[in-house]
Structure formats: structure tokens, C-alpha cells
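Below you'll find the structure, written out as C-alpha cells, and then a few comments.
Any read-out appearing in this document is the output of simple, stated calculations on the displayed coordinates, not a laboratory observation. What you see is a predicted model; the values in this text were computed from it and never measured. Here the Cβ positions follow ideal geometry from the backbone for every residue, glycine too, while neighbour counts run over all protein chains shown.
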Amino acid sequence: MCGIVAYIGRRPALPVLLEGLKRLEYRGYDSAGLAVLNGGLKVAKAVGRVAVLEDLVNRQGGFDATMGVAHTRWATHGGVTEKNAHPHRDDATLGHGVVVIHNGIIENYATLKRYLEEKGHVFTSETDTEVLAHLIGELYRGDLERAVQSALREVTGAYAIAVMCAKEPDVMVVARKGSPLMVGVGKDEYVVASDSSAIVAHTTQAITLDDYTVARITRDSFRTTTVDNVPVTAEIRELEYDLGQIDLGAFDHYMLKEIHEQPNALRLCMKGRLDLRSGQIVLGGVSEFARELARAKRVIFVGQGTALHAGMVAEYLMEDLAKIPTDVDFASEFRYRNPMVEEGTVVVAISQSGETADTLAALQEAKQRGALALGLVNVVGSSISRETDAGVYLRVGPEIGVASTKAFLGQVCVATMLAAFVGRRRFLSADAVRELMEQMERVPSHIERILAQSEEIKRATARYVERDNWLFLGRGYNYPVALEGALKLKEISYIHAEGMPAAEMKHGPIALIDEGMPVVFVATRNSQYEKILSNIEEVRSRGGHVIAVATEGDEEIRRHVQEVFWVPDVPEPLQPLLTVVPLQLLAYHAALMRGRDVDKPRNLAKSVTVE
Ligand code: AGP
């Protein structure tokens, strides 16, 4: 999604803006721009990476100022062009030197644009953001804060904005609704950003704005109001972030770093939450709802992409361990299908970023219908986490790579603990939970053994990396893992891959099998092992080549397949925590072999904050 960085203080603004944009690069974008205010407005925009913008600014010169705004754009309205890049300005003749950067979507921009064109406004871009800049200019009567409030009252949609005006060289106005925005509070300076990674280098004291909040900032003052100019208080909190966590270290890519971080990430995720002595799972974030959860009539997990796949594992876990009827749905489908949410329903939103627009909206829809709304989220203080009644943070640390890896494991790990937490209050004995916890505590070291196979996985991947169509198959707990493996391969290598239940092959997709086609089976020893062997034979007899993720020591499967990636034996509910790891490495190696940008795959963004 788009990235926002703004600065007002007494230091040079340009280094803060450029360094902040580089911190946000992982979120995905296609163009960048900035504006500084020092007597007059100075604007620069460029298609491509932040480095292109930096080079342009350094060549042009004249960007010395202590106040400015900067933006990375992920196109929603209008193509990837310099004209459509932010910042956007109000009308060249009717305007007042207003400049705006924006993350989100102005849904009624076309109506507003017609209204402004009738008043003589001339537009230079195809964007909704430029319409907002012109609207603020149109409503400007000498007070930028009031003009922004008036304009936002006319707007429908989502926004996180930072606004400056040449006529008010000491004032910056920022506001948000539905898109994240936080204000870092330094000494006589403020750093505004859409993500804390652009703030922590300057301060760890930050204010996360609530929806419909407008902040008027000067070098030594800060005021928050609603869009109706009603004063509201803003709470400063400590940002849980350190730059060391978001630096690349010795790894070539964030994705590889985060794959290898998974053992420690899971240790952090479980830390303090597995009380082996009492046989209790300790989840402080949901403890006040323990009785309501134990009496729940139905649980619904919602999410998108990888988070949805974690929700599919969670569906099996909740029914197995807590014996509660459970569903899982794309958040985008749930929110619009007029869902049945009866008494005793719990809706659980799963999200790494906590900013996915569809997941946030699905949660709000569920709350509106009376559900207890929980969140399994990684980013503390994110929109989804603030919308929930309660929740459990993943605590796997910042995930920078666009392809989600350690966050998936965190989501599945927390879902496992949540299901056991509820199950213990229903039918699970302390001994059963203790046994599960003992097994969970061994998972990080199991993952370390799988990671040691990376070169072997790379060799096997090289045999098939030129093939343009792959299948990923699994049963039971391993079916969502098959989907996740397919998504990983698709999104970073651009190879077409499809995941499905292994039994589904016979109902059509088996027609795809041709000589040498790579078919990945997640085929660990579990309740459906014999059936998956049959499915493997169905593929082999038609010329398909099988790559299996299998349980260490399973000599049987070796006779049926071309390649095997081994995982230690664990109880079925814990198998997804292991079987996904070889597939993450397969996708990583395939992407490199195909020359892809692993951490910033084309067309993708780290957090999809628009519908
Ligand atoms: C995962 O590799 C993808 N980048 C994507 O599917 C992601 O999982 C999805 O957009 C949901 O994001 P969230 O977990 O931040 O809500």
C-alpha cells in the first residue's frame, strides 16, 4: 500500500523524509514523491524506486527546509506515471498552495471532481487524491485546519493524509479514517508516518490517530479534533519496535531472514503462554472472555491470503481441540454476503499487519451483528487490533518481506493455543493440554532441522523451476498448507501454482497432469496417509513428478516419489507448523532461480489497506 512520511521540526526535513520512505519500501509501491515548505513549496516526483526520487532531488537542489511531506504510491486510481505520483496540489490559479499526500481511497471523488470542475478547477492527474487537494483549496479561508476539516466532512472512503499550505509555513495538518497514521513525538519535532518503521529512528513516543481525527501540528504544538472541530485527546504510547529487528543482517533478503527467524519467532510467540505445571494455556488478551468463549456456539475465522490459510488450519484446530462448530471465510466475502451471526458467535480476524481493509470491515460487520470480535494480529496498535473486543498478538516481530512466512507460523501457533485455551474449558484434560504444550515447545528445534535441508530443497527445486504450472495437494490439516505453498510460489516466482484438497484431483484437475509436471504433496503420517499415497499413484501413473513433504523415517513414501523434504513427526494438529517450512524455502529458491525481486514482488504490497 501507499506509504506516508512527514516531518515538521528544526532539523533538515529531506533526510528524514528520504530515510523514512526507504523504511517503507517493503510495503510495495510503484512511484514516489515529496514536497518541502520553506518560504515556497518545492515538489519532486518520480516513477520507480525511492532511489530514483533521491537522485532527482539531489540533482535539482533547493530542498532545504525543516518541514515536508513524502509518499510512496501503490496505484489505485490512474496509471503509474509521474503526474499521478503524490504529493498533489490544489488548482494552479484558484488554489492557495495546498499540497496533499494520501493513503486510501476517496470513493466519491468523481462527484467532487465534477463539482470542482464546474467551479473552474483544472486537474492534471487521474487521481482521487488530487481532487481532495483541490477541495481543500476550494474551502480554504485562511485556516488550513478548518479547510481540511470541511473537506473531510464531504469525503466518503478511507484516508490517511498529511497537508501543508504555502500560506501557513508553520502548520501541518494530518488526518485519518480507515488507513493507518501515527505521529512520532520528538523534542520540538514531529514525524508522521503510516508505519512505525519510519518513526522509530527518531522517537519511540507516538500517537496513533483514531478514525475521523484531525491533528494540527506546529514545531511546538499539537492539537487533535474531530472533523467537526470537536477537541479530542490523543494518547502517547511507547512504540514496540527497534531498528535492529528490521535490518537485514547477514541475509540476502528479508524473506530468507524471516524464514530462518521462525524458530525464535515461535519461541517468542509461546513465551509465557504455556504453563506446563498447571496444564494451562495463558492468553491474557482473551482471559476476560474465557467463559464466553467456552460457551460459544460457533466460531468464524476471517482473513485474506496467507492469513486465510492460517484460518483454515484454525478451523480444524478449534473443532478438534475445543469441539466448537467452526467456519472460515475470506473476509471480503464474509463482509458482503449478509452473514448469519447468531447468539454465541465468535468472529476471529487474522491479520499480520492489522490493516487489511477487507478483514477490518469483516470484523466491524461481525461486531455490528453482535458477535464477540477477536483478533490474532502481529502489529501492536494496528486498526484491526484496536477494533477487536479482545485478542492475542502474534509477537513474531516485524515482518518486512511481502511474502508472509513467520507471521503464518505465528498465526497458526496462536490459533493452536487459542483452541487449546478454549478446549481446556470444555473437554480437554490438563494432561492432554500438557502433552500438546510439550510437543509445541519442541517445534522450534524441529524447524531448525528442516531449515538445514535448504540446499537439498534448492537442488530439488532446480529440477522443476522451468515448469510453468505446479500443483500443491494435501488432506486434513495439510490441505491449507498446500494452498499456502501454492501462494508462496505464485507470489514471488510468478510461476502458476494451484493448491487443492488431494481428493479433488479426480474431479477435473487431474486432466492437467502431463509428463514431468511437478506436483507437491504434503504427505506426512496422519489420519489420511493411505489415501494420500493413492493420490500420489494417480499422479505418477499419468506422468506427473511428485515432490513430497513427508515424515522423517517414512521409507514407504520414498518408493513413490521423485523428491522428499523431511519433517519430524509431531501430532497432526501441529504438523502445519512444520510442513509449510519446506514450501517457503522451495518458493524462495524458485524465485531467485527465476531472477525475481523476492522481497518486493511485482504488483504486490505488504499490507492491502484498500478494498
Ligand atoms: C502473504 O504472503 C501475502 N503477502 C498476502 O496474502 C497477505 O497474507 C494478505 O494480504 C493478508 O495480509 P495481513 O495478514 O496483513 O492481513
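Dividing the radius of gyration of the alpha carbons in segment 127-183 by their Kirkwood radius gives 0.94 for Rg/Rh.
In what sequence, highest mean first, do 258-271, 395-408, 418-431 appear when ranked by Cβ atoms within 10 angstrom?
Working: 258-271: 21.0, 395-408: 25.4, 418-431: 19.4.
The packing order, highest mean first, is 395-408, 258-271, 418-431.
List the residues of segment 324-353 whose backbone N lies under 19 Å from a point placed 7 Å from the Cα of Arg291 along the Cα-to-Cβ direction. Only 343-346 fall inside the zone, counting backbone N under 19 Å.
Would you mind checking segment 550-587 for residues with the amide N under 17 Å from a putative spin-label position 7 Å along Cα→C-beta of Lys531? In segment 550-587, the label zone of Lys531 (backbone N under 17 Å from the point 7 Å along Cα→Cβ) covers 572-573. Dipole magnitude for the chain: computed about the Cα centre from +1 point charges on Lys and Arg Cβ and -1 point charges on Asp and Glu Cβ, it is near 380 debye. The dipole here belongs to segment 41-187: it is taken about the Cα centre, uses +1 on the Cβ of Lys and Arg and -1 on the Cβ of Asp and Glu, and is about 220 debye.
Using 1/(1 + (r/R0)^6) with R0 = 30 angstrom and r between the beta carbons of Ala432 and Asn264, what's the FRET efficiency to the nearest 0.05? Each step should come with its number before you reach the end.
Details: r = 27 Å, r/R0 = 0.91.
About 0.65, to the nearest 0.05.
I want to verify the translational diffusion coefficient of the chain in µm²/s; compute it with Stokes-Einstein, Rh as the Kirkwood radius over Cα pairs, at 25 °C and 0.890 mPa s.
Working: Rh = 25.4 Å.
It comes out at roughly 97 µm²/s.
Simple spin-label estimate for Arg277 and Asp252 gives 4.7 nm between the two label positions (7 Å along the Cα-to-Cβ direction from each Cα). Summarising the label geometry, the points placed 7 Å from Cα in the beta-carbon direction at Glu107 and Arg449 lie 5.2 nm from one another. Extension gain, Asp64 to Ala201, is 47.2 nm, computed as 0.36 nm per intervening residue step minus the present C-alpha separation.
Among Arg596, Arg277, the ranking by other beta carbons within 10 Å of each residue's beta carbon, starting with the fewest, stands as Arg277, Arg596. To the nearest ten degrees, helix 128-139 and the longest principal axis of the Cα atoms of the chain are 30 degrees apart. Less than 15 Å from a label point 7 Å out along the Cα-to-Cβ axis of Glu342: which backbone N atoms in segment 274-297 qualify, by residue? So the set is 296-297.
For the pair Arg463 and Arg540, a Förster radius of 22 Å applied to the C-beta separation gives a FRET efficiency near 0.90, rounded to the nearest 0.05. For the peptides 117-126, 163-172, residues were scored by their other Cβ atoms within 10 Å and the scores averaged per peptide; the highest-first order is 163-172, 117-126.
Per q in 0.14, 0.21 Å⁻¹, report the Debye log10 I(q)/I(0) for segment 132-249, using one uniform scatterer on each alpha carbon and no solvent. The calculated log intensity ratios at q = 0.14, 0.21 Å⁻¹ are -0.58, -1.16.
Modelled spin-label separation between Gln364 and Asp170, with each label point placed 7 Å from Cα along the Cα-to-Cβ direction: 3.7 nm.
Taking the longest Cα principal axis of the chain as reference, the axis of helix 478-493 is set at about 50 degrees. Taking 0.36 nm per residue of separation and subtracting the current Cα-Cα distance, fully stretching the chain between Glu118 and Glu556 would add 150.1 nm. Magnitude of the charge dipole for segment 202-331, about its Cα centre and with charges confined to Cβ atoms of Lys, Arg (+1) and Asp, Glu (-1), is about 400 debye.
If you take the beta carbon distance between Ala234 and Arg425 as r and set R0 to 25 Å, what does 1/(1 + (r/R0)^6) give as a FRET efficiency, to the nearest 0.05?
Details: r = 38 Å, r/R0 = 1.52.
For R0 = 25 Å, the calculated efficiency reads 0.05.
Pull out a ≥ b ≥ c, the square roots of the eigenvalues of the alpha-carbon gyration tensor of segment 63-143, then state rounded if a/c is under 1.5, prolate if not and a/b is larger than b/c, and oblate in the remaining case. Each step should come with its number before you reach the end.
On the way: a/c = 1.79, a/b = 1.07, b/c = 1.67.
In terms of gyration-tensor shape, oblate.
Dividing the convex hull volume of the alpha carbon atoms of segment 1-117 by its residue count gives 106 Å³ per residue.
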